[in-house]
1. With a probe of 1.4 Å, find how much accessible area the range 1-42 has per residue, and write the answer as a whole number in Å².
2. In square nanometres, what is one fourth of the surface area of the convex hull spanned by the alpha carbons of the range 1-44?
3. Heavy atoms only, probe 1.4 Å: what % of the accessible area of the range 1-56 goes to carbon and sulfur, would you let me know?
4. Students often check this: by mean Cβ neighbours within 10 Å, which of 14-26, 40-52 ranks highest, and how do the rest follow?
5. Mind checking the full-extension length gain between ARG29 and LEU14? Use 0.36 nm per residue of separation minus the Cα-Cα distance, one decimal, nm.
Amino acid sequence: IGVALVQAGSGWLLEWAIAEQFSTIDRYRMLFITLLTTMAIATLIYCLSNRQGRADEPVSIVSAHGEKAVSGILRHLK
């Protein structure tokens, strides 16, 4: 969904810039600054997010009842 939103937003931004008669250089400068800002904000959020678990452990998803869903599914598959 993120890619679709970025592409749609980029299109709207460029259409607006064309309607406002920005030069081609200014249109793309504005687009790239917008994309850079979006990427910087997403990277900052990712860097500040809370990491859980350890890299050497498999992922375990805990259901609402406290059961480890992934390990239960894997046990049934064996």
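The values are calculated or read from the model by the stated rules, or taken from the named source; none is laboratory data. Just so it is clear, the model here is predicted, and its values are computed rather than measured. Note that each Cβ is placed from the backbone with ideal geometry, even for glycine, and that neighbours are counted across all protein chains shown. Side chains are part of the model used for accessible areas, which takes the heavy atoms of the whole protein and leaves out ligands, DNA and RNA. Shrake-Rupley method; radii C 1.70, N 1.55, O 1.52, S 1.80 Å.
1. In whole numbers, the range 1-42 has 81 Å² accessible per residue.
2. So the Cα hull casts an average projection of 3.0 nm².
3. Details: 3310 of 4960 Å².
Here carbon and sulfur together make up 67 percent of the probe-accessible area.
4. The densest-packed peptide leads the list: 14-26, 40-52.
5. Working: separation 15, 0.36 × 15 = 5.40 nm, distance 1.05 nm.
Computed gain between ARG29 and LEU14 is 4.3 nm.
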